[in-house]
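> Next up is a structure, given as structure tokens.
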Amino acid sequence: MNDMELTLEIARTLDDKRALDLVALDVRHLTVICDYMVIASGRNANNVHAMADAVDDRMAELGLELRRCEGQNEARWVVMDFGRILVHIFNQEERRYYHLERLWDDGTNRLELPFVTEDNP
């Protein structure tokens, strides 16, 4: 799988765990930190933990190594570094406060997530 396909698989995994406000961005033209970014919210700490664990497990199945993970204990803002892909999983309060996508969404770089349903925006 290429990086975009892996990014979409991460988003699909988060969607399967009922992520809220799921966004996937191509940020190659905006930063050297990573190429793709996935941002999602969880309903509570258990949901945030479950999403992070599911993403880690799925990427391990696909051979993508988790380089670093921060925030898992508090489950307020989990950052997962897969090299060229960064995953941010927030609780809803932290997501509203930091509104991270405003820094990285330039209006043209959102990846289409056709699997996201009306029940799971």
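> Report the residue count in segment 69-103 for those that are more than 17 Å from ASN44 (Cβ to Cβ) and modelled with pLDDT under 95.
Qualifying residue count for the region: 6.
Residue by residue, here is whether (1) farther than 19 Å from LEU113 by Cβ; (2) not in a strand (DSSP E or B) holds:
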| residue | (1), (2) |
| --- | --- |
| ASP21 | no, no |
| ALA24 | no, no |
| MET37 | no, no |
| ASN47 | no, yes |
| MET59 | no, yes |
| GLU65 | yes, yes |
| ASN73 | yes, yes |
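> Something else now. What pairs can you find where one residue is in segment 74-90 and under 17 Å from ILE33 (Cβ atoms), the other is modelled with pLDDT under 95 and aromatic (Phe, Trp, Tyr), and their Cβ atoms are less than 8 Å apart, with a gap of 6+ or different chains?
Pairs that qualify, where the first residue is under 17 Å from ILE33 (Cβ atoms) and the partner is modelled with pLDDT under 95 and aromatic (Phe, Trp, Tyr), are TRP77/TYR98.
> Answer yes or no: is there a residue in segment 101-119 that is surrounded by fewer than 14 Cβ atoms within 10 Å (Cβ to Cβ) and β-branched (Val, Ile, Thr). Spell out the reasoning first.
Going through segment 101-119, the residues surrounded by fewer than 14 Cβ atoms within 10 Å (Cβ to Cβ) turn out to be 102-103, 106-108, 112, 114-115, 117-119.
In the following step, the residues that additionally are β-branched (Val, Ile, Thr) were identified as 108, 117.
So far as segment 101-119 goes, yes, one or more of its residues are surrounded by fewer than 14 Cβ atoms within 10 Å (Cβ to Cβ) and β-branched (Val, Ile, Thr).
> Right, here's the next one. Return a yes/no flag: does segment 43-66 have any residue that is of a type in the set (A, V, I, L, M, F, W, C) and in contact with a Cys (Cβ under 9 Å, 6 or more places away or on another chain).
So the first thing to find is which residues in segment 43-66 are of a type in the set (A, V, I, L, M, F, W, C), and the list is 45, 48, 50-52, 54-55, 59-60, 62, 64, 66.
With the extra rule that they be in contact with a Cys (Cβ under 9 Å, 6 or more places away or on another chain), the set shrinks to 52.
Scanning segment 43-66, I find at least one residue that is of a type in the set (A, V, I, L, M, F, W, C) and in contact with a Cys (Cβ under 9 Å, 6 or more places away or on another chain), so the answer is yes.
> Restricting to segment 31-53, count the residues that are farther than 22 Å from GLU101 by Cα and either touching a helix residue (DSSP H, G or I) at 6+ places or on another chain (Cβ under 7 Å) or of a type in the set (Phe, Trp, Tyr) (or both).
0
The values are calculated or read from the model by the stated rules, or taken from the named source; none is laboratory data. Note that this is a predicted model, so its numbers are computed, not measured. Backbone-built Cβ (ideal geometry, glycine too); neighbour counts: all protein chains shown.
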